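Scroll down for the structure; my scribbles are underneath it.
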Number of protein chains: 2
Amino acid sequence: MMTASRAKRPTISDVAAHARTSKGTVSFVLNGRAGVAPETRARILAAIDELGYQPSQIARSLSNSRAGAIGLVLARTPQTLRSDPFFAPFIAGVELAVSADDTSVLLRFVEDDAAERAAYERLASSRRVDGVILADLRRNDPRPALVSSLGLAAVTLNRPDVASPFPAVCNDDVTAIDAAAEHLVGLGHRRIAHVSGPLTYLHPNQRDASWRGALRRMGLDLAASVASDFTAEGGAQAMRALLETTSERRPTAIAFDNDTMAVAGIIAAQAAGLDVPGDVSIVGFDDAELSEYINPPLTTVRTDPFGWGEGAARTLLEVLDGDDVPDTVQAGVSTFVVRSSTGAAPA
Amino acid sequence: MMTASRAKRPTISDVAAHARTSKGTVSFVLNGRAGVAPETRARILAAIDELGYQPSQIARSLSNSRAGAIGLVLARTPQTLRSDPFFAPFIAGVELAVSADDTSVLLRFVEDDAAERAAYERLASSRRVDGVILADLRRNDPRPALVSSLGLAAVTLNRPDVASPFPAVCNDDVTAIDAAAEHLVGLGHRRIAHVSGPLTYLHPNQRDASWRGALRRMGLDLAASVASDFTAEGGAQAMRALLETTSERRPTAIAFDNDTMAVAGIIAAQAAGLDVPGDVSIVGFDDAELSEYINPPLTTVRTDPFGWGEGAARTLLEVLDGDDVPDTVQAGVSTFVVRSSTGAAPA
DNA sequence: CAACCGATTCAAACCGGTTTGAATGTGCAT
DNA sequence: ATGCACATTCAAACCGGTTTGAATCGGTTG
C-alpha cells in the first residue's frame, strides 16, 4: 500500500511548454512583473494551476542569491533548555513572522564561543542564510563585528555595549521593573535587593540598572545587588547570603532575575524560619507556568518572548528588503503580575 | 567603522583556476571521490585553503537535488509553548544530531489541520526539505499517508495507529509507568486513577494503555480514567470530578499525564480539605523544573525529549542515506522520580 | 512606403555546483 | 612500432530558476 508516487514535479520549463511560451515569460508572471500580455498571463496561470507547479526555492535562491532563510545560533545546553521559558515561544514568534514572508528559520545550537564563531562563519560562507538574529548578548560581544565582517545582515536582541551597525530590537523590561519597584515601595519597602543572572550577559546588567534607576527616581538606593547564575542552587545561595546581614539592615524585599532562582529563594527563606511575604517579599521574573502554584504564589514579571521574536524577525526581514529601519525597535510587552509572595514591609 | 567587507566569496571556478585545473576535478576532491592524482589533490586543497573557499550549499542542493534539510511542522500555540517542557530540548536534540551531518532543520508552526496539510505540501513541492519528523501523532492521523504521497521521507514519533511506511521512533514511557505503578501498589494503593491528555492525540491513549497493562500485571484494574486537556484548569476539574466519588470507592492515587495538571490537581485536592499524600497520592508526568518546589514536591516521570529528538533525527538521516532502518527504534530514557506527593495509601 | 515606436516575447547567459563521456597521457605487453 | 588497459583530466551538459539584449509584431508617423 501507500506507494510513494515519486512523480517528478513539474519545472518551469514544463509550464512554459504547456502554455506554449518561454521560461522567461513564466518567470515574469511568477514574480508579478509588468510586460506580459493579459492573455498570455492567463494561459500561464492556467498551466501552473493545471500542473500543480510550485517553483523550487533552491533554484530560485541560486539565481537571485538570496538564501530565503535567517539564522539563529544559540549557546544553550539541553539542561537549560528543559526549563527555558524563553526559547520556545521566542522561536515560535520568529517563525510566525518569517513564514508570512515565505522564508525559513535555521537553528543551530553550539557549546562554546569557538563553536559559535565557527557556526556563524559557516552559515555565512555556505550562503545558507541572509541574516541572523543575535540573541543572548554578552558584555563586549564579538558578534556584531564578526557578523558584519561576514557580510551578513542582522538584528540584535537589545542594544549591545559595543558599536553595532545593526538595529536593536528591545523589549520593555524597564517599564515592568518600574511597576515592580513602585509596587514594593508602595508596600513600605525601603531596603530592596536584586539577585541577577550572570553578569557576562548583558540583560542582567541592564535589569540591574533598571532597578537602580527605578528606585533612584523614588529617592532610594538598591540595598544590595548579588550576581548569581539563573539556577535554583544559585538562587538559594544568594538568598542565604542576603539573610546573613544583621536583621536591621537586611533587605525586606528581594527581586530575582528569573522564577527558578526566586522560587529557590523562597524555599531557602522558609528553611531559615522566615515567613514569605511576612518577613521578606519576593519578586520573580519570567512567569513560569507553575510559579502560580508554589507557596506562596509568586509575584513576578511576565515577559513576552513570542512578541519579541516576532518583532525581531520582522525587523530583520525589513533590513533584508532594504527598507529603512530605525536603529531601535520596541517589541513584546512585559507585564508585572502581583500574586502573594509580596506584602507589606515588616514593621 | 565596521565596514561590511562584501568581498564576493570565491566559487569553485576560482578554486579551479587558482589550482590550474577544472571545476570537475575540484568537485571530485571536495566529495572525496577517487581518481584524482595525489599531487593535483594537494594543489587543489592548497587553493581551497588559500582562498578560504566554502561550497555553496544552495548550488550543491540544486545539482544533487538534496535539500540538505529536514522539516518539523508543529501545531502549537504560543500559550502552550510558553510552558512546554518538550519542544525546546527536543528540537535541540534534533539539531545536534542533524548538524553533525551538515544538514539543517526547518521549523514551521501552524494553527490548524488545513494549515498543517498545506505546510507539508509546500515543504515538499518547494523542495526545501528531504524528510520530516511527524510529531504529536493523532488518532487516525492523515499525515503518514499524506507525507508518503508527497514523496517525502519521514519518521514518526511513536507508532501511529494507521498503516505507515515510516520507521517509528519510540520512547520508553512504558518502563517508567511500570515503575510508577509498582511504586504505588507497593505503598498499598489499590484504587488508582489516570487523568490523561486529550484522546485525539495518540500518546495519552498509549499511556492509558500502559497504566492499564502495568496494573493488570499486578492483578489490578484502573479505578478510573478521565480524559482531560493538559491544562491546569482541566487538571483541577478532573480532580474535582474524581473526588465526588463516595469516599470508599474514591481513588487513593491519581496519575496525571503532565505536571501542570498534576499540580493543579494537588491544589484542588487541598482546597477540598484533603491531605496530599495522606488522603490521596499524586503522580505527574514530564518533571517540570518547578515541580520539585511545589508543596508537596511532585513525584513524577522525568522524560528525555532531548534524547528522543536526537534519536528521531539520527534515524531520519539514516533513512535519507538509504540505510536499512528497523521499523521501530528506541530513543530517550524516561525515569520515574519519587518525591513527596506519593505516600502510603490511607488505611 | 520607409522609418520608427512601444509592447511583447524569446533565446541565451548566468547563478555555483555535480556528473558524464570523451580526450589525453602513461606504461606495458605484443 | 603498435595496440591496449589504465589512470587522470577536462569540457560540456545539467539542475531549475532569473535576467538581459535582441527579435518580432502591429500600428503610427513623416
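Descriptive notes on the structure:
- Amide hydrogen neighbours beyond the local backbone of A:SER225, cut-off 5 Å, H modeled: A:HIS194
- Across chain B, Cα pairs under 8 Å and at least six residues apart give a relative contact order of 17 percent.
- Of all complete DSSP H helices in chain A, those with a Cα span along the helix axis of 15 Å or greater and a mean Kyte-Doolittle hydropathy of 1.0 or more are A:87-99, A:259-271.
- Hull-based mean projected area of region A:34-158, where the convex hull spans the alpha carbons, in square nanometres: 10.7 nm²
- Sites B:ASP112 and B:ASP275 - FRET efficiency at Förster radius 45 Å, r taken between beta-carbons, to 0.05: 0.55
- Placed amide H near A:VAL337: partners under 5 Å, 5+ positions off or other chain: A:THR300, A:VAL301, A:ARG302
- Pair A:THR200, A:ARG249: separation of 7 Å Cα→Cβ label points (nm): 3.1 nm
- Stokes-Einstein translational diffusion, the protein assembly as shown - Kirkwood Rh over all Cα pairs, 1.002 mPa s, 20 °C, in µm²/s: 77 µm²/s
- Here chain B has an Rg and Dmax of 26.1, 89 Å, counting Cα atoms alone.
- Percentage of interatomic Cα-Cα distances in region A:225-347 larger than 19 Å: 53 percent
- Centroid-to-centroid separation of region A:177-215 and region B:112-137 [C-alpha atoms, Å]: 45 Å
- Farthest towards the positive end of the charge dipole of chain B, among the residues B:ALA345, B:ASN140, B:ALA214, is the Cα of B:ASN140, using unit charges on the Cβ of Lys, Arg, Asp and Glu.
- Estimated FRET transfer efficiency when R0 is 45 angstrom, pair B:THR175-A:SER340 (beta carbons, to 0.05): 0.70
- Across region A:282-341, C-alpha contacts under 8 Å between residues 6 or more apart give a mean separation that, scaled by the residue count, equals a relative contact order of 44 percent.
- Average beta carbon contacts from partner chains per residue of A:61-72, 10 Å cutoff: 3
- Positive-end residue, chain A charge dipole about Cα centroid, Cβ charges, pick of A:ALA88, A:GLY24, A:ALA163: A:GLY24
- Per-selection Kirkwood Rh - region A:5-104 (Cα, Å, 1 d.p.): 16.6 Å
- Note on the protein assembly as shown: antiparallel DSSP beta bridges, both residues inside, total approximately 15 percent of the bridges counted.
- Sorted largest first, extent of region B:137-232 alpha carbons per principal axis (Å): 53, 25, 21
- For B:PRO142, the shell of other residues with beta-carbons less than 10 Å away shows a net charge of 0, using +1 for Lys and Arg and -1 for Asp and Glu.
- Region A:263-314, relative contact order [Cα under 8 Å, separation at least 6], %: 29 percent
- Near the amide H of B:ILE254, within less than 5 Å, lie the amide hydrogens of B:ALA193, B:SER281, B:ILE282, B:VAL283, all on another chain or at least 5 residues away, with H placed in the peptide plane.
- Environment charge at A:VAL129 (Cβ cut-off 11 Å; Lys +1, Arg +1, Asp -1, Glu -1): +4
- Cβ neighbours within 10 Å from other chains - mean over B:99-110: 5
- Each of B:VAL129, A:VAL319, B:VAL94 was scored by other Cβ atoms within 10 Å of its Cβ. Arranged with the fewest first, they read A:VAL319, B:VAL129, B:VAL94.
- 12 Å beta-carbon shell around B:ASP321, net charge (K/R +1, D/E -1): -3
- Dipole size of the protein assembly as shown about its Cα centre, with +1 on Lys/Arg Cβ and -1 on Asp/Glu Cβ: approximately 2020 debye, rounded to the nearest 20.
- Net charge dipole size for region A:1-151 [Lys, Arg +1 and Asp, Glu -1 on Cβ; Debye, nearest 20]: 500 debye
- Set the Cα radius of gyration of region A:300-344 against 2.2 N^0.38 Å, with N its number of residues, and you get 1.69.
Read-outs: derived from the displayed coordinates by stated rules, not from any lab. Source: prediction; values computed, not measured. With ideal geometry, Cβ positions are generated from the backbone for all residues, glycine too; neighbour counts draw on all protein chains shown.
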